[in-house]
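Undergrad: Take a look at this one; I'll ask things after.
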Amino acid sequence: MSVFSTSAKIIVTCSKRIAPFLEQEVRELGFVPTRTFATGLELKGSVHDCITLNLNLRCASQVLYSLKEFYCNGPDELYEALIRYPWETLLTPESYISVTSNAHHFTVNNELFVNVKVKDAIADRMRRETLRRPDSGPELSGAVFHLYWHDERAEIFLDTSGETLAKHGYRKIPGKAPMLESLAAATVMATKWDRQSTFINPMCGSGTVAIEAALMATNRRPGLFRKNYSFMHVTGYDVSFYERELKKLQTQIVHVPGLYIIATDISDDAIMISKVNAGMAGVESLIEFKRCDFEETPVPNGPGVVYFNPEYGERLGEVSVLKDTYARMGDFMKKKCPGYYGYIFTGNLELAKKIGLKANRRIEFYTGKIDCRLLEYELYGGSRREINKVKST
């Protein structure tokens, strides 16, 4: 029985608050989640399905394929349950394995101890069946297994991803306090951008938001930028299936006539970093980069989206200085962006009050442990009263 063709539970994880956007992606791929929760979703499928998910998802962190679910009331029971699993059907003596865990049990005060128990069970079973013990270590470069253990319920998964999918692989120079690629993708998905009209990203930093917008518009998937996954190190892996899926990613890239994405920053270093990252993503020619203060950002006639990700005083910048910056952002959107939707991603709602515009949506996100909002503003030419008067005539 091969995991590549056998259907089982699949858990796709993500950062907190982006599960709705992950679900949207999964459904667009033709999968039907059986449940969605705060940090991911569940569906049924094989490891071949996991390959498809790994290559296509922008908002995911890990794709976990369930191997065994069992009751467990202590480390010894954990070891005994796992040594009975036929690891020799998944691994060879030449395999390199890694273990991660999420353990909440009264007998556990150190997850590293749990990881060692899992490794020992796998290695001892392999030595018993093949006379050799596979290498193991912390690097997620080979076959990776994940243990979920909560109270008396435990489940062991093949982590088909290995290194997190939240990093999309093109960003070679992160810059200062960069937004995680999966979060940037989710926030762009949360906007009302149609992926054809103008997308403007002042204060672009390392360029992640503008790059993710360009990748979405042209249907370039994260699997184009990564060459190693955990599923490649499991017995039964068929490289031809992976190559067919990779070819699909290459052939589904689309050209969008008139696509106009603008990214600006006052820092020469930020613009240099953004260009390097965009080049690695294959979209540098699709983004117009300009070094300038955000107020000098060119704004073509709408419709379109203008997206700010400013400092918010938690890690960078002083709040007293940023008050003026937020006020200027509001003036810029009000005066120079009629016909656009404006978005500001911030972790400081007190500073957001300085924008001086009323948000018509406040979409909740986290960056790390910081409670954030993506604030949406519908930007009219003239006053709202004048717009309503025109609509009524």
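The values are calculated or read from the model by the stated rules, or taken from the named source; none is laboratory data. Because the structure is predicted, anything quoted here is derived from the model rather than measured. Glycine also receives a Cβ, built like all others from the backbone with ideal geometry; neighbour counts cover every protein chain displayed.
Undergrad: Can you tell me which residues in region 85-97 are assigned to a loop (DSSP other than H, G, I, E, B) and either under 15 Å from Gly74 (Cα atoms) or β-branched (Val, Ile, Thr) (or both)?
TA: Thr92
Undergrad: Let me ask something additional. Hey, can you tell me all the residues within region 1-30 that are among the hydroxyl-bearing types (Ser, Thr, Tyr) and either modelled with pLDDT of 95 or more or under 11 Å from the mean Cα position of the chain (by Cα) (or both)?
TA: Ser5, Thr6, Ser7, Thr13, Ser15
Undergrad: Here is a list: Leu259, Leu224, Leu286. Which entry is farther than 30 Å from Gly330 by Cβ and either in contact with a Ser or Thr (Cβ under 7 Å, 6 or more places away or on another chain) or modelled with pLDDT of 95 or more (or both)?
TA: The conditions single out Leu224.
Undergrad: In region 164-190, which residues are over 22 Å from Gly279 (Cβ atoms), polar (S, T, N, Q) and either buried (at least 19 other Cβ atoms within 10 Å of the Cβ) or free of Cβ contacts under 8 Å to residues at least 12 places away in the same chain (or both)?
TA: Thr187
Undergrad: Need pairs with beta-carbon distance below 6 Å; first residue of a type in the set (Gly, Ala, Ser) and within region 286-312, second modelled with pLDDT of 95 or more; sequence gap 6+ or separate chains.
TA: As it stands, the answer is Gly302/Gly339; Gly302/Tyr340; Gly304/Ser197; Gly304/Thr198; Gly304/Tyr340, since those pairs meet every condition given.
Undergrad: Is it the case that region 109-127 has a residue that's part of a loop (DSSP other than H, G, I, E, B), farther than 20 Å from Ile10 by Cβ and touching a residue at least 12 places away in the same chain (Cβ under 8 Å)?
TA: Scanning region 109-127, I find no residue that is part of a loop (DSSP other than H, G, I, E, B), farther than 20 Å from Ile10 by Cβ and touching a residue at least 12 places away in the same chain (Cβ under 8 Å), so the answer is no.
Undergrad: Okay, moving on. How many residues are crowded, with 17+ Cβ neighbours inside 10 Å and under 17 Å from Ile200 (Cα atoms) if we restrict to region 237-293?
TA: 15
Undergrad: Across region 216-253, what is the number of residues that are within 18 Å of the chain's Cα centre (by Cα), under 21 Å from Glu163 (Cα atoms) and touching a residue at least 40 places away in the same chain (Cβ under 8 Å)?
TA: Total meeting the criteria: 11.
Undergrad: Same structure again: Which residues, taken from region 294-307, are part of a loop (DSSP other than H, G, I, E, B) and crowded, with 19+ Cβ neighbours inside 10 Å?
TA: Matches in region 294-307: Thr297, Val299.
Undergrad: Filter region 30-84 down to residues that are among the aliphatic types (A, V, I, L, M), surrounded by fewer than 20 Cβ atoms within 10 Å (Cβ to Cβ) and in contact with a Cys (Cβ under 7 Å, 6 or more places away or on another chain), then give me how many there are.
TA: Number satisfying all stated conditions: 1.
Undergrad: Now, a different point. Ile262 passes all but one of (1) touching a residue at least 24 places away in the same chain (Cβ under 8 Å); (2) within 21 Å of the chain's Cα centre (by Cα); which number fails?
TA: (2)
Undergrad: Okay, next question. Going by the structure shown, is Thr100 in a strand (DSSP E or B), within 24 Å of Asn228 (Cβ to Cβ), of a type in the set (Val, Ile, Thr) and in contact (Cβ under 8 Å) with a residue 24 or more places away in the chain?
TA: Considered against the rule, which asks whether it is in a strand (DSSP E or B), within 24 Å of Asn228 (Cβ to Cβ), of a type in the set (Val, Ile, Thr) and in contact (Cβ under 8 Å) with a residue 24 or more places away in the chain, Thr100 comes out as yes.
Undergrad: Where residues in region 313-344 are free of Cβ contacts under 8 Å to residues at least 40 places away in the same chain and in a loop (DSSP other than H, G, I, E, B), which of them is surrounded by the most Cβ atoms within 10 Å (Cβ to Cβ)?
TA: Gly313
Undergrad: If you take the residues in region 334-393 that are under 27 Å from the mean Cα position of the chain (by Cα) and at pLDDT below 90, which one is farthest from Leu183 (Cα to Cα)?
TA: Once the filter is applied, the top-ranked residue is Lys369.
Undergrad: Being surrounded by 14 or more Cβ atoms within 10 Å (Cβ to Cβ) and under 24 Å from Gly40 (Cα atoms), is that true of even one residue in region 121-134?
TA: There is no residue in region 121-134 that is surrounded by 14 or more Cβ atoms within 10 Å (Cβ to Cβ) and under 24 Å from Gly40 (Cα atoms).
Residue by residue, here is whether (1) more than 19 Å from Phe231 (Cβ to Cβ); (2) touching a residue at least 40 places away in the same chain (Cβ under 8 Å) holds:
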| position | (1), (2) |
| --- | --- |
| Gln24 | yes, yes |
| Arg27 | yes, no |
| Pro33 | yes, no |
| Thr39 | yes, no |
| Asn54 | no, yes |
| Gln62 | no, yes |
| Leu67 | no, yes |
| Gly74 | yes, no |
